[in-house]
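The values are calculated or read from the model by the stated rules, or taken from the named source; none is laboratory data. Everything numeric here is computed off the predicted structure, so don't read it as measured data. FYI the Cβ positions are ideal-geometry reconstructions off the backbone, even for glycines, and counts take in every protein chain you see.
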Amino acid sequence: MKLTHEIIAVHTKHAFTIARGGASEWRLVTVRVTDSDGASGWGEAAPSRFYGETADTVVAILGQLAPVLERADPWSLETIEAELARVVRFNGSARSAVSAALHDLAAKRLGVPLYKMWGLDPKSAPLSSFTIGIGSETELRQKVKEAEQYPILKVKLGTDRDEEIVRVIREEAPDKILRVDANAAWNPKLAVRTIERLMDYDIEFVEQPLPPHDVEGLRFVRERSPLPIIADESCLVASDIPKLEGAVDGINIKLSKCGGLREAQKMVSTARAHGMLVMMGCMIETSLGISAAAHISPLLDYADLDGSALLADDPYKGANIDDGKIFIPTGPGLGVEKG
Ligand code: MG
């Protein structure tokens, strides 16, 4: 198989800001694998600087991954994904793009959508949240109005006015389910204090209150928090999960953190074995990237697959989250087409 790629730029409807900063233009990499008979599959890398990746590092890493595919059996998905992880550590978004493309190709050859190849029931998928990034009060109110169709909002926190943000959003959306994500911005005591204040606003759970490596801090917060705690930045791959038992209630899987669709499924199983809740999130991605995650969504408790819904210029047609309901494409493979 041959590996080709194209860098694309997409734009969010609003500048998208979290505790670490924001942007409105995002560079992604569309990856294609083509077999000797011309059959092909595709996937997307949505690199995050926080995890050491950019579109340029993805392209460089694809050059290192290509030789694995040249000699591989396209059906040996497990072997290939393990081999890709041996060739490069980290670089999760580059590897997950290749993994998605290989799964797309395999399911296309079988003539079934990927969820069917995996034996999953699309009706089991939870609703997806829609993310409200950090902004001024006027911006927050505007964003909540624009998100009217979504029954669950995920609110980005990690500012010096977190309670005010939640108060404004709760005012605009009195009946919606609200979740909050501090993106690692709090310390243990601040987290406990903030969660206490947020109890007046009917919050469903709290994502990543503390810096990634502060597992003992997470345990401290969880012991004092009436709300479930979900690990995101603290949990990249399945082997991160055992040490988080008792420190968090659940994990947030992302393909660009874990490096592939098979590792994502291992994370689901590992989390279940430790009695944890399972959520899946995303980066700013087009519907090509979101579709790869959507096919796994029947395995989840919570979904946050709004990456393409935040875009003004999604170049593809695939999974979407109309009214929060995850539509998993029913065409062969990932079921994604050019828009
Ligand atoms: Mg998060």
| Quick check: anything in segment 73-91 under 20 Å from the mean Cα position of the chain (by Cα) and on the phi > 0 side of the Ramachandran plot? | yes
| Quick check: anything in segment 206-222 under 21 Å from E78 (Cα atoms) and within 16 Å of the ligand (Cβ to nearest atom)? | no
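Is there a residue being among the acidic types (D, E) and surrounded by fewer than 24 Cβ atoms within 10 Å (Cβ to Cβ) anywhere in segment 284-305? Even if it seems obvious, please write down each step before you answer.
Kept after step one, since they are among the acidic types (D, E), are these residues of segment 284-305: 285, 301, 304.
Adding the requirement that they be surrounded by fewer than 24 Cβ atoms within 10 Å (Cβ to Cβ) leaves 301.
Yes, the conditions are met somewhere in segment 284-305.
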| message | Looking for something surrounded by fewer than 17 Cβ atoms within 10 Å (Cβ to Cβ), part of a helix (DSSP H, G or I) and in contact (Cβ under 8 Å) with a residue 40 or more places away in the chain - is there at least one such residue anywhere in segment 68-91? | response | yes
| task | Can you tell me which residue within segment 103-127, out of those that are assigned to a helix (DSSP H, G or I) and of a type in the set (D, E, K, R), is nearest to L300 (Cα to Cα)? | result | K123
| task | Find all pairs meeting these conditions: Cβ atoms under 9 angstrom apart; at least six residues apart or on different chains; first residue within segment 9-21 and among the polar types (S, T, N, Q); second residue within 16 Å of the ligand (Cβ to nearest atom) and not in a strand (DSSP E or B). | result | T12/G133; T12/I284; T12/L310; T17/G133; T17/I134
| said: Take the residues in segment 28-65 that are touching a Gly at 6+ places or on another chain (Cβ under 9 Å) and β-branched (V, I, T); name whichever of them is surrounded by the most Cβ atoms within 10 Å (Cβ to Cβ). | reply: V31
| task | Please name all residue pairs, on different chains or six or more residues apart, with Cβ atoms under 6 Å, provided the first residue is in segment 133-147 and is part of a loop (DSSP other than H, G, I, E, B) and the second residue is surrounded by 18 or more Cβ atoms within 10 Å (Cβ to Cβ). | result | G133/F16; G133/K156; I134/K156; A147/F130
| query | If you check every pair at least six apart or on different chains, which have Cβ atoms under 7 Å apart with a residue in segment 95-108 that is at pLDDT 95 or above first and a residue that is hydroxyl-bearing (S, T, Y) second? | reply | S96/S256; L105/S40
| said: I want to confirm something. Restricting to segment 266-294 and keeping residues that are more than 25 Å from T54 (Cα to Cα) and in a loop (DSSP other than H, G, I, E, B), which single residue is farthest from the ligand (Cβ to nearest atom)? | reply: G275
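I'm checking my understanding of the structure. Among residues of segment 8-22 that are out of contact with any Ser or Thr (no Cβ under 8 Å at 6 or more places or on another chain) and of a type in the set (A, V, I, L, M, F, W, C), which one is surrounded by the fewest Cβ atoms within 10 Å (Cβ to Cβ)?
Taking segment 8-22 first, the residues out of contact with any Ser or Thr (no Cβ under 8 Å at 6 or more places or on another chain) are 9, 13, 17-18, 20-22.
If we keep only those that are of a type in the set (A, V, I, L, M, F, W, C) as well, we get 9, 18.
Values: A9: 11, I18: 19.
In this case the residue turns out to be A9.
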| task | Check whether at least one residue in segment 318-329 is crowded, with 19+ Cβ neighbours inside 10 Å, among the aromatic types (F, W, Y) and outside any helix (DSSP H, G or I), and report yes or no. | result | no
| note | S234: passes all of (1) more than 15 Å from the ligand (Cβ to nearest atom); (2) among the hydroxyl-bearing types (S, T, Y); (3) surrounded by 23 or more Cβ atoms within 10 Å (Cβ to Cβ) but (1)
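Could you list, in sequence order, all residues of segment 295-317 that are outside any loop (DSSP other than H, G, I, E, B), in contact (Cβ under 8 Å) with a residue 60 or more places away in the chain and either over 12 Å from the mean Cα position of the chain (by Cα) or within 16 Å of the ligand (Cβ to nearest atom) (or both)?
Restricting attention to segment 295-317, the residues satisfying the condition of being outside any loop (DSSP other than H, G, I, E, B) are 297-299, 302-303, 311, 316-317.
With the extra rule that they be in contact (Cβ under 8 Å) with a residue 60 or more places away in the chain, the set shrinks to 297-299, 302-303, 311.
Listed by number, the residues that qualify are P298, L299, Y302, A303, L311.
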| request: State whether one or more residues within segment 56-73 are under 22 Å from V336 (Cα atoms), touching an Asp or Glu at 6+ places or on another chain (Cβ under 8 Å) and not assigned by TED's automatic domain parsing to the domain that holds S239. | output: no
